[in-house]
Amino acid sequence: MLIPRPRVQTPGVGAFALDRSTRITATPEVESTAQYLQGVLRPSTGLPLFGTASVADAGIVLRLADDTEAQGLQAGPADDRSESFRLTVTADRVEIVGGGPAGVFYGAQAFLQLLPADVYRAARITPDGADEPWTVAAVTVEDAPAFAWRGFMLDVARTFRTKHEVLRVIDQIAAHRINRFHFHLTEDQGWRIEIRKYPRLTDVGAWRTESQVGAHVPGADGELTPAAFDGRPHGGYYTQDDIREIVAYAAERFVTVVPEIETPGHVRAALAAYPELGVHPDRELGVWTEWGIAKDILNTEDSTVRFFQDVLDEVMALFPSEYIGIGGDECPKDQWVGDARTQERIRELGLDDEEQLQAWFVGRLGEHVERAGRRIFGWDEILEGGTLSRSATILSWRGMQGAITAARRGYDVISVPDDQAYFDYRQSDLASEPIPVAITLTTADVHAFDPVPAELDEAEAAHVIGGQANMWTEHVDTARRLDYMLFPRLVALAEALWSADVAGPRDLAEFEGRLGEHLARLEAMGIEYRHESGPFPWEQRPGVPGRPSSREDRAAFIAAITANIAD
């Protein structure tokens, strides 16, 4: 049973058997997918699965559709068929035909799911000495995605993930046909990408002395204070060669890595390295050890703009992505309000207030990115100030109001509402849930996620190019805890963004039936997913405070902070 749910799945007669005579052939455009398929199949089946140049000798054929065939494939968003595929399994042959190379890759993923779950293991296993042949029931699968942008964001700034762990996540999302990896690289708590022109960004900014444990709690005076600190230094960064490797590895799996450099807030790590970028350059700041939002932000001098333009130049040289993230969220403006030089700067630029000053700063970076032939994307706060370039794309995270406002103003939108797509949120109301953060977000909640707000008409809805989930990592400090927070919710996300309602009305019970079988695949992949019964003892963190919140509290909060972007 396939995940995501296909548009068309028609059973055939008989079955295809993989054996030592099975050969794979691929047209030149999709040879990388043939190599990928061999790389998955050979260890688990123990079969050589050699390639062959002859279609007549091949049992498994991978190729692009010709012009006539392409018109017969299922159509993706905006009538695009580059990610569409047709998988045909008969007793004699497996044929995967794609509208583009990505479509062939996704057809290969569907083919793998038709095999026993042990196909995802790294070595051949023969329980009880049995050596059963590997077979696939005859079937035809025709499919295409509902949305062009099917994304996942990983925050590596608050908790660093090694290169190996990042590559593992890319494998996981690629297997679920997620095609955008949003790489959140900088924060108050750490700077994770080597910038050769400014080496202190990683020499200093990549390391903090310790980390907060749990969420902030009310102190005796009612102010929120850190619950505790762990006393352990934490840090790390990716060299430019690491980044090139990650980008290339992802591209082979048809995942585009889209980088994000936070500005003008969430920059304490950068200010620790280069204090002159801040409103108060005379202050000695360390990389922030707390969670939440540091009040230290960038000044808006031309030299600071040039600094970040230089940073973006090196970023764009490393990432071929059309989209370059510039942040823009949660920028506290207290320092700008209280600083005489910043107030003078507002008058010099002919602006009305601090909101317009942030818009001016974002606009300068946006113009620089556009001159390089790219597009910026940023969180929905960049809508505030009224001067955003039409080429910008909005990440709507504070509910769906940002998506509604942006689409009505003609901006492209990626929906990532926190109450439907934030994977740092708790998964149940159980007391044993590790570090309970905010509202409960279950697999069923994610399965119901629709990136297109119901309030939009057809023309406005066309601006919603897709959605994504965000994985913030304040409290996710190991690879196995990352698995626990991602799965099985990421499986539901994949179905919500690939299948949506195009393959028929969503049926949670039917999805859960397929998910039950899919869990065996996750186990074979070595993914330590959250079990339906709740967290196992080693997944719990008793005594570590969370950030509980009801949906009513959240709704009031979101309404307050989005009031100035609502129509």
Of the residues in region 453-496, how many are assigned to a loop (DSSP other than H, G, I, E, B), under 23 Å from V437 (Cβ atoms), out of contact with any strand residue (DSSP E or B) (no Cβ under 8 Å at 6 or more places or on another chain) and in contact (Cβ under 8 Å) with a residue 12 or more places away in the chain? 4
Restricting to region 27-64, give me the number of residues that are without any contact (Cβ under 8 Å) to a residue 40 or more places away in the chain and either assigned to a loop (DSSP other than H, G, I, E, B) or out of contact with any Leu (no Cβ under 8 Å at 6 or more places or on another chain) (or both). 17
Of all the residues that make up region 45-68, how many are open to solvent by 50 Å² or more (accessible area, probe 1.4 Å) and out of contact with any Ser or Thr (no Cβ under 7 Å at 6 or more places or on another chain)? 6
Filter result for A110 (open to solvent by 60 Å² or more (accessible area, probe 1.4 Å) and either modelled with pLDDT of 95 or more or over 26 Å from the mean Cα position of the chain (by Cα) (or both)): no
If you check V491 against the conditions, is it of a type in the set (V, I, T), under 26 Å from D477 (Cα atoms) and either buried (at least 16 other Cβ atoms within 10 Å of the Cβ) or in contact with a Phe, Trp or Tyr (Cβ under 7 Å, 6 or more places away or on another chain) (or both)? yes
What strands (runs of 3 or more DSSP E), lying completely within region 201-289, carry at least 2 residues that are in contact with a helix residue (DSSP H, G or I) (Cβ under 6 Å, 6 or more places away or on another chain)? 256-263
Does at least one position in region 270-285 carry a residue that is among the hydrophobic types (A, V, I, L, M, F, W, C), modelled with pLDDT of 95 or more and open to solvent by 50 Å² or more (accessible area, probe 1.4 Å)? no
So how many residues does region 453-472 have that are touching a Phe, Trp or Tyr at 6+ places or on another chain (Cβ under 9 Å) and farther than 20 Å from F511 by Cα? 7
Within region 155-166, can one find any residue that is without any contact (Cβ under 8 Å) to a residue 12 or more places away in the chain and not in a helix (DSSP H, G or I)? no
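Yes/no per residue for (1) at positive phi; (2) open to solvent by 60 Å² or more (accessible area, probe 1.4 Å); (3) in contact with a strand residue (DSSP E or B) (Cβ under 6 Å, 6 or more places away or on another chain):
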{"residue": "D334", "(1), (2), (3)": "no, yes, no"}
{"residue": "Q343", "(1), (2), (3)": "no, no, no"}
{"residue": "E354", "(1), (2), (3)": "no, no, no"}
{"residue": "R374", "(1), (2), (3)": "no, no, yes"}
{"residue": "G378", "(1), (2), (3)": "no, no, yes"}
{"residue": "T387", "(1), (2), (3)": "no, yes, no"}
{"residue": "G402", "(1), (2), (3)": "no, no, yes"}
Hey, any hits in region 555-567 for a residue that's surrounded by 17 or more Cβ atoms within 10 Å (Cβ to Cβ), out of contact with any Leu (no Cβ under 6 Å at 6 or more places or on another chain) and of a type in the set (D, E, K, R)? no
Any residue in region 315-323 that is in a helix (DSSP H, G or I) and surrounded by fewer than 18 Cβ atoms within 10 Å (Cβ to Cβ)? yes
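This table checks each residue for (1) among the aliphatic types (A, V, I, L, M); (2) out of contact with any helix residue (DSSP H, G or I) (no Cβ under 8 Å at 6 or more places or on another chain).
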{"residue": "G76", "(1), (2)": "no, yes"}
{"residue": "D80", "(1), (2)": "no, yes"}
{"residue": "F85", "(1), (2)": "no, no"}
{"residue": "V89", "(1), (2)": "yes, no"}
{"residue": "A102", "(1), (2)": "yes, yes"}
Taking interchain pairs and intrachain pairs at least six residues apart, which have beta carbon atoms under 8 angstrom, with the first residue in region 354-373 and touching a residue at least 40 places away in the same chain (Cβ under 8 Å) and in a helix (DSSP H, G or I) and the second among the aromatic types (F, W, Y) and surrounded by 21 or more Cβ atoms within 10 Å (Cβ to Cβ)? L357/W336; L365/F308
Taking region 374-392 and the residues there that are of a type in the set (A, V, I, L, M) and either more than 25 Å from the chain's Cα centre (by Cα) or part of a helix (DSSP H, G or I) (or both), the one that is nearest to L312 (Cα to Cα) would be I382
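Listed here are the residues, each with its yes/no results for (1) open to solvent by less than 10 Å² (accessible area, probe 1.4 Å); (2) out of contact with any helix residue (DSSP H, G or I) (no Cβ under 9 Å at 6 or more places or on another chain); (3) assigned to a strand (DSSP E or B); (4) on the phi < 0 side of the Ramachandran plot.
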| site | (1), (2), (3), (4) |
| --- | --- |
| I414 | yes, no, yes, yes |
| Q420 | no, no, no, yes |
| Y425 | no, no, no, yes |
| D429 | no, yes, no, yes |
| T440 | no, no, no, yes |
| A444 | no, no, no, yes |
| D450 | no, no, no, yes |
Hits in region 291-307 - residues which are under 27 Å from the mean Cα position of the chain (by Cα) and open to solvent by 50 Å² or more (accessible area, probe 1.4 Å): I293, K295
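Each row is one residue, and each column tells you yes or no for (1) open to solvent by 50 Å² or more (accessible area, probe 1.4 Å); (2) small (G, A, S); (3) at pLDDT below 95.
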| position | (1), (2), (3) |
| --- | --- |
| Q172 | no, no, no |
| N179 | no, no, no |
| H182 | no, no, no |
| Q189 | no, no, no |
| L201 | no, no, no |
| G219 | no, yes, yes |
| P226 | no, no, yes |
| P233 | yes, no, no |
| E260 | no, no, no |
Which one of these does K197 not meet: (1) open to solvent by less than 10 Å² (accessible area, probe 1.4 Å); (2) over 12 Å from the mean Cα position of the chain (by Cα)? (1)
Identify, by number, the condition in (1) open to solvent by less than 10 Å² (accessible area, probe 1.4 Å); (2) on the phi > 0 side of the Ramachandran plot that A392 doesn't meet. (2)
Of everything in region 325-344, what is among the basic types (K, R) and in contact with a helix residue (DSSP H, G or I) (Cβ under 7 Å, 6 or more places away or on another chain)? Give them in sequence order. K333
Being in a helix (DSSP H, G or I), open to solvent by less than 50 Å² (accessible area, probe 1.4 Å) and under 20 Å from R150 (Cα atoms), is that true of even one residue in region 526-544? no
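The values are calculated or read from the model by the stated rules, or taken from the named source; none is laboratory data. Keep in mind that what you see is a predicted model, and the values were worked out from it rather than measured. Heads up, the Cβs are rebuilt from the backbone with ideal geometry, glycines too, and the neighbour counts pull from every protein chain shown. For the accessible areas, the whole protein counts, side chains as well, though only heavy atoms, and no ligand, DNA or RNA atoms are used. Shrake-Rupley method; radii C 1.70, N 1.55, O 1.52, S 1.80 Å.
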